[in-house]
1. Which one is farthest from Phe194 (Cα to Cα), of the residues in region 142-174 that are part of a helix (DSSP H, G or I) and in contact with a Leu (Cβ under 7 Å, 6 or more places away or on another chain)?
2. Consider Gln203 carefully, then state whether it is exposed (fewer than 15 other Cβ atoms within 10 Å of the Cβ), touching a residue at least 12 places away in the same chain (Cβ under 8 Å) and either in contact with a Pro (Cβ under 9 Å, 6 or more places away or on another chain) or on the phi < 0 side of the Ramachandran plot (or both).
3. Enumerate the pairs (first residue in region 68-96 and at pLDDT 90 or above; second residue anywhere and among the aromatic types (Phe, Trp, Tyr) and surrounded by 12 or more Cβ atoms within 10 Å (Cβ to Cβ)) with beta-carbon separation below 6 Å, excluding pairs fewer than 6 apart on the same chain, so at least 6 apart or on different chains.
4. I need the full set of residues from region 69-123 which are outside any helix (DSSP H, G or I) and not basic (Lys, Arg), in order please.
5. For region 150-174: of the residues being closer than 17 Å to Thr55 by Cβ and of a type in the set (A, V, I, L, M), which is surrounded by the most Cβ atoms within 10 Å (Cβ to Cβ)?
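The values are calculated or read from the model by the stated rules, or taken from the named source; none is laboratory data. Since this is a predicted model, take the numbers as computed values, not measurements. No Cβ is skipped: glycine too gets one built from the backbone with ideal geometry, and neighbour counts run over all protein chains shown.
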Amino acid sequence: MRYQGAVLGFAWSLMNPLMITLMYLFVFTYVFRSSQPNHALYMVTGIVHWTLFSTLVTQAPEQLVGNADLLKKIYFPRLLVPLSNLLVNSVLWFMALVVFLMLYGPLGGKLHWALLVYPFYLLLFLGFAFGLMLILCVLYVDFRDLKHLVEVFVQLFFWTTPIIYPLSMVPARIRDLFLVNPLTEFTHIFQDIFWAGQLPSWQISAAFSAWAALSLGVGLWLFYRRGAKLIERL
């Protein structure tokens, strides 16, 4: 329904991340040249996965409020509302992933065994994002400014996550602030797999799993604890 009547249809879902990626590639290839090997691959890996996260999180607050009429008239598992949004956006994002995989070789990527574990880490990443979606859609019912705060913080986290620059560029005195950002762990995982061509370390994997479990656990707990009462206030 989102692209109904549009000539290019689903291709529009690729336009925004593609244009952003091309812009950063131009800037960091021809303006601010990076000495990092295969920097384009490093950067595109981060941007592709960031696009999925930012889309899910910025749309999350309005999931319950935006479907208020449906939720009040028809009884069905309320979890299906945010879950359907997760699935739809994941399918649309998958096309961007296909394009990324097609460019993987030309950008300097190599086939290696670490690629086989990618689906596992992607599922953890989706679990982390889904947990945040549940938290945000519940809180938004009573706090309508939340959507605007989320949009601001998404932009902030983009620049405080090593997506277009390596963590080694961050001054040592403030590097710990970047490391407490859970998105740093997720970004490192995908950069290890696609850019470095190695299995993620067990430390990063453990942190990755812990953040995913915490986010999903808190999200489900909050959603089921407050979900039924929230319908009356939509």
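1. Taking region 142-174 as the starting set, the residues that turn out to be part of a helix (DSSP H, G or I) are 146-159, 167-169, 172-174.
Those still in the list that are in contact with a Leu (Cβ under 7 Å, 6 or more places away or on another chain) too: 146, 150, 157.
On the way: Leu146: 34, Val150: 29, Phe157: 22 Å.
Here the residue is Leu146.
2. No; evaluated as a whole, the condition is false for this residue.
3. Every condition considered, the pairs that remain are Leu86/Phe130.
4. Here is the first cut: in region 69-123, the ones outside any helix (DSSP H, G or I) are 74-79, 105-112.
Answer for region 69-123, where residues must be outside any helix (DSSP H, G or I) and not basic (Lys, Arg): Ile74, Tyr75, Phe76, Pro77, Leu79, Gly105, Pro106, Leu107, Gly108, Gly109, Leu111, His112.
5. The residue in question is Ile163.
For every residue, the table says whether it meets (1) more than 30 Å from Lys229 (Cα to Cα); (2) of a type in the set (Phe, Trp, Tyr).
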| site | (1), (2) |
| --- | --- |
| Phe120 | yes, yes |
| Leu136 | no, no |
| Phe153 | no, yes |
| Leu167 | yes, no |
| Asp176 | yes, no |
